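A short write-up of the structure that comes next.
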Amino acid sequence: MTAPGTRAGTPARADTDDDLDVEEALALVREPREPRQDATPTPGAEHAHGGPSAHRHRATPWPQARETAARAARSGGRRAPVSVTLADALGLALAAPLAALTDLPPFDTSAMDGWAVAGPGPWDVREEGALAGHAQPEPLTDGEAVRIATGARVPADTTAVLRSEHGRLDGQGRLHPTREVVHGQDIRPRGQECRSGDQLLPVGTLATPAVLGLAAAAGYDTVTAVPRPRAEVLVLGDELLTEGLPHDGLVRDALGPMLPPWLRALGAEVTAVRRLGDDAKALRKAITSSTADLVVTTGGTASGPVDHVHPTLERIGAQLLVDGVKVRPGHPMLLARTKENQHLVGLPGNPLAAVSGLLTLAEPLLRTLAARPAPEPYALPLAEAAHGHPYDTRLIPVVLRGDAATPLHYNGPAMLRGIAAADALAVVPPGGAQQGAETELLDLPWAAAGIEVFFT
């Protein structure tokens, strides 16, 4: 049985396309070093590493690959803003400032249930009351009071609102205060929060639930926002099953179910998921006919006999911006510009390697296309030492407990058990990190502030 993402007939290994060769494994117990310039690839090394030894030397460093992806998204210019209803705006970035269309509150309102009173007490209480949503009641004269509900318009000439628990009615129906009444108490004056025309939020603000509430209160039915980038997923591989148990060299497809919601969590609108198998003609047609802003492929980024991504990109004249990244797992990933304002991210076929590609290339690309702010970088000390690669960055699933990050097991390229329990990925530098070392972290969408986007 082959591991997920491997080709049928390929000897199964724990870490297939991203596993260390013997030389690299030995290097892990020695001082980190640069790769040998005269290294000769062992048989099968091309497939195991996504290309020959020379490919490793031209791979892009991990931080630079992320910068390249963000820069590629900016190169197409600013995307045309759209007008969307508040119901559809969650997670979008505002493309125009949010200015108040009305005073907030739009009129003097009561902050409490109680009585609106005029002048000093005691007061004669009118029979009618003032309720929220009703027309403004008649003005009060000194010595008068009227029952009032929270949010109701305050009658003209009101001195204060007396809370229900702070007033007492005598036998003649006259209202007496049980504590001192301060002029203006419990009245929300018109324009207390803002005046019409005030700028409430700047361009680029992420439309969170609270932002949508503010927009509604300020008079908006729609907002002007940057549209969601459109993404299309192309699942490659003849060995993949969509249901049932693995059998006869076939394995379950983990990426088809995982990638669309993950891309949505990164702010994309997933327009299609296509299963193409190992068909070069179908791949070429799917890429050239796609109208998505981003095409994501799974598998086929190495140099095996049915790895069609590189040859197809060459045939259609695509520009390779990133061809391999110095990161484990996932170093055979790639980024290409396929046509004007369209990009392709090629993910390795192994599930955790694909996650690495998503966060390395797709996340900065989609974030920039959507004009969403970059997350603030942060670091935590490691609760345990983390093994590193001799000269590549390594991404390791971790759980966050208190003020430390604990590395998880089951973190091989073909494994999802670790990432399924993780809060973040630790960015482990070449050579590894000792216990207690401050290590950069990448939050996962469902563990970060963008959680409301993930569940839309």
In the stretch 242-333, the GluC sites (Glu not before Pro) that sit in a DSSP loop and have at most 10 other Cβ atoms within 10 Å of their own Cβ are Glu243
What percent do you get for the relative contact order of the chain when only Cα pairs under 8 Å and 6+ apart count? 19
Could you tell me which label, among (1) 30.6, 104; (2) 22.8, 67; (3) 22.9, 82, carries the value of Rg and Dmax of the Cα atoms in Å calculated for this structure? (1)
DSSP-assigned coil residues among trypsin sites (Lys or Arg not before Pro) in the stretch 234-297, each with at most 14 further Cβ atoms within 10 Å: none
Run the simple label-point estimate for Val82 and Arg275 please: 7 Å along Cα→C-beta, distance reported in nm. 2.9
Using DSSP to call loops (not H, G, I, E or B), can you name the trypsin sites (Lys or Arg not before Pro) in the stretch 183-246 whose Cβ has at most 12 other Cβ atoms within 10 angstrom? Arg195
Could you work out how much longer the chain between Leu241 and Leu320 gets when fully extended? Use 0.36 nm per residue separation minus the Cα distance between them, nm to one decimal. 25.4 nm
What length, rounded to one decimal in nm, is gained on full extension from Asp198 through to Thr178, with 0.36 nm per residue of separation minus their alpha-carbon distance? 3.2 nm
Give the lysines reachable from Lys339 as a straight Cα distance under 16 Å; neighbours fewer than 8 places away on the same chain don't count. Lys285
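Laboratory data are not the source of any read-out in this text; all were calculated from the coordinates shown. Computed from a predicted structure; not experimentally measured. Using ideal geometry, Cβ is built from the backbone for each residue, glycine included, and neighbour counts are taken over all protein chains shown.
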